[in-house]
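**Q** Structure provided below as structure tokens; questions to follow.
The values are calculated or read from the model by the stated rules, or taken from the named source; none is laboratory data. For clarity, every value in this text was computed on a predicted model and none was experimentally measured. Glycine also receives a Cβ, built like all others from the backbone with ideal geometry; neighbour counts cover every protein chain displayed. In case anyone asks, the SASA skips ligands and DNA or RNA and just uses the protein heavy atoms, side chains included. Shrake-Rupley method; radii C 1.70, N 1.55, O 1.52, S 1.80 Å.
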Amino acid sequence: MKKKTFLQIISLLIIFTVFFIGWFYLDFVFYIFQRPFDFNIYLEPNEGEISQEKTIKSVVIVFSQFKEKSKPVELYISNCPKYAECSLSITSAKPTYTSELKITPSELTPIGTYPINIFATSSGIKKAKTYYLTVKSKECICTEWINQGCGGPCTSQMLVTRKCEPKGCDIESRCAYNHSCIKDFSIKSIPSYKKVVNQEASFIINVSSINKFSGLVYLTASNCPIGSICSYSISPVNVPSEGFATSLLTIKTALGTVIGNFTITTTGISNNTIHSTNSTITIS
């Protein structure tokens with residue numbers, strides 16, 4: 001009895017083993033040979049940044065494990081930015097294959113970020129990936145600023161110009177501060193040194209126009225030796241545009257003045273402009 005029961009159990013185990021092996025085999029065959037066609041789509045990279053009128057590229061990869069049962073997969077683009085050109089190098093083929101995505105925003109394409117959809121369809125299957133494109137303003141390349149001269153529309157400043165490519169992408173002329181444009185004057189003592197003879201010395205004070213300066217320049221003396229008199233033949237002097245004016249500085253020393261070297265400073269003042277020059281005397 002025990003032997004018969006044992007044999008029955010062994011028989012049942014063999015039957016169940018064969019059943020399960022057969023079941024898994026059939027399931028495997030169905031999975032391999034009856035599973036419907038499928039594919040995946042990838043973007044590399046899936047985002048980018050570009051200036052107007054430039055071109056950016058990405059790669060679309062259509063991948064499938066069903067090489068023997070592969071079917072054509074069609075690609076198309078949706079949401080291409082306004083006034084931009086979007087294209088794919090391959091729009092239909094059996095996977096696995098790659099297609100180059102090329103996007104060229106025009107000068108009229110508004111700046112901003114755009115989601116561009118790449119759709120793939122085959123055998124009723126539809127899949128999509130999104131490429132995020134950021135459009136920047138077109139690149140502007142300009143030359144160095146070039147001085148064109150003082151005055152004119154810039155009055156007391158320098159007119160500077162440059163050329164930009166593309167034309168008009170940035171300002172190409174403006175007024176700029178330049179010291180050489182400021183109307184000014186210079187002042188000089190001629191000579192700058194003298195010995196006192198017969199208790200007197202004189203110097204020519206020359207005031208010259210710079211950058212078409214014109215007007216009155218007031219002259220004052222400082223550091224005149226104690227007991228001496230320092231005076232100008234003309235003050236203020238009227239300086240003409242592109243010219244000069246002179247005044248004679250006369251220094252009269254008193255008897256018994258301390259001997260030595262003395263420097264008299266002549267200061268010229270016109271509105272907010274102040275310049276000075278030195279005249280040195282020796283009293284012996």
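**Q** If T263 meets every condition in (1) of a type in the set (S, T, Y); (2) more than 15 Å from K188 (Cα to Cα); (3) open to solvent by less than 70 Å² (accessible area, probe 1.4 Å) apart from one, which number is that one?
**A** The number of the failed condition is (2).
**Q** State all residues of segment 88-129 that are open to solvent by 80 Å² or more (accessible area, probe 1.4 Å) and closer than 18 Å to F37 by Cβ; if no residue qualifies, say none.
**A** K94, G124, K126 - these are the residues of segment 88-129 that are open to solvent by 80 Å² or more (accessible area, probe 1.4 Å) and closer than 18 Å to F37 by Cβ.
**Q** Among S87, S99, which is within 30 Å of E165 (Cβ to Cβ), modelled with pLDDT of 95 or more and part of a strand (DSSP E or B)?
**A** Just one listed residue meets the conditions, S87.
**Q** How do the strands (runs of 3 or more DSSP E) wholly within segment 222-279 filter down when requiring 2 or more residues that are touching a residue at least 12 places away in the same chain (Cβ under 8 Å) and under 57 Å from the mean Cα position of the chain (by Cα): which remain?
**A** Because the criterion is at least 2 residues that are touching a residue at least 12 places away in the same chain (Cβ under 8 Å) and under 57 Å from the mean Cα position of the chain (by Cα), the strands (runs of 3 or more DSSP E) in segment 222-279 that meet it are 237-239, 244-252, 260-270.
**Q** I'm trying to understand the selection: among the residues of segment 166-223, which are among the basic types (K, R), closer than 13 Å to S156 by Cβ and surrounded by 16 or more Cβ atoms within 10 Å (Cβ to Cβ)?
**A** Across segment 166-223, the qualifying residue is only K183.
**Q** State whether one or more residues within segment 141-158 are in contact with an Asp or Glu (Cβ under 8 Å, 6 or more places away or on another chain) and either among the charged types (D, E, K, R) or part of a strand (DSSP E or B) (or both).
**A** Yes - at least one qualifying residue is present in segment 141-158.
**Q** Between a residue in segment 132-143 that is modelled with pLDDT of 85 or more and aromatic (F, W, Y) and any residue that is open to solvent by 50 Å² or more (accessible area, probe 1.4 Å) and outside any strand (DSSP E or B), which pairs come within a Cβ distance under 7 Å, given they are 6 or more apart or on different chains?
**A** From residues that are modelled with pLDDT of 85 or more and aromatic (F, W, Y), the pairs are Y132/N46.
**Q** From (1) under 28 Å from S51 (Cβ atoms); (2) more than 29 Å from the chain's Cα centre (by Cα), pick out the condition that doesn't hold for C169.
**A** (2)
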